[in-house]
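Each remark here refers to the structure printed beneath this line.
The values are calculated or read from the model by the stated rules, or taken from the named source; none is laboratory data. Predicted model, so just to flag it, every value in this text is computed and none were measured. All Cβ positions, even for glycine, are placed from backbone atoms using ideal geometry, and neighbour counts span all protein chains on display. These accessible areas exclude ligands, DNA and RNA; they are computed on the full protein's heavy atoms, side chains included. Shrake-Rupley method; radii C 1.70, N 1.55, O 1.52, S 1.80 Å.
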Amino acid sequence: MLSPMRIVGISGSLRRGSLNRSLLTAAVERAPAPMHIEAHGIDGIPLYDGDLEAASGVPEAVTRLKDAVATADGLLLVTPEYNQSIPGVFKNAIDWMSRPGSDIARVFGGKPVGLIGASPGRMGTISSQTAWLPVFRSLALVPYLGRTVYVSAAGEAFQNGVLASAMVDKLLSDYLTGLRDFVATRG
Ligand code: FNR
């Protein structure tokens, strides 16, 4: 019997019709055994403000997400791209999760992380995925670099929130298998 593998997936858009939320859902549905992907969002997280943190600590929504990541075998970020970089709302959520700094090692330290993303454009989040790499270094996350999933023209790949492209389906499934094997070797 293979031991279960729990991956926390976080999609980085607040939009109801988010393509990246749809991509995370597709990943949840395709997770190869014994990998289980738990889908999370970034809703309910305020803008980071050091005064707010000093007055009332880390918000409840952030604490819940931190604890989910801390107890997981790995992390999967599903990133949109704004102006060829990381959308502020997603970076804000990860910034909050890195507070207090003394908790970074417990939550992120040495944890394997996968990164995928979707955009309606031609380049399919290549630039924002590259922009995440220094963040991973800062948090001592260990990125899976074996394969890539850059979903371009994502408005066509997803129909009513459901993955409809056989090509992306294969790319995503192969990526998840690679991520599973990467996480397993680090366990
Ligand atoms: C975008 N978009 C975008 N897309 C892209 O591929 N490269 C880019 O640099 C940008 N820049 C950008 C800036 C801003 C401010 C917005 C609002 C949008 C388009 C973006 O990929 C598209 O809105 C996606 O649908 C966002 O992801 P979700 O919300 O569908 O997950």
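Couple of notes before you dig in:
- When the square roots of the Cα gyration tensor eigenvalues are ordered a ≥ b ≥ c, the ratio a/c for region 7-90 is 1.5 or more and a/b does not exceed b/c, which makes its shape oblate.
- Among 100-113, 9-22, 119-132, the order from most to least packed when residues are scored by Cβ within 10 Å on average: 9-22, 119-132, 100-113
- Of all lysines in the structure, the ones whose alpha carbon falls short of 27 Å from that of Lys170, not counting any fewer than 8 places away in one chain, are Lys111.
- Region 1-31-region 111-186 distance, computed between alpha-carbon centres (Å): 11 Å
- Length-normalised contact order of the chain in % [C-alpha pairs under 8 Å, at least 6 apart]: 24 percent
- Our coupling estimate for region 167-177, obtained by passing each phi through the Karplus curve with A = 6.51, B = -1.76, C = 1.60 and θ = phi - 60°, is 5, 5, 4, 5, 4, 5, 4, 5, 4, 5, 5 Hz, Gly and Pro reported as x.
- Note that the chain presents 49 Å² accessible area per residue, ligands and nucleic acids not counted, probe 1.4 Å.
- Accessible area of region 16-164 belonging to carbon and sulfur atoms, whole % at 1.4 Å probe: 52 percent
- Estimated distance in nm for a label pair at Ala39 and Ser173, the labels positioned 7 Å out from Cα along Cα-to-Cβ: 1.9 nm
- DSSP bridge analysis restricted to region 68-187 gives an antiparallel fraction near 25%, rounded to the nearest 5.
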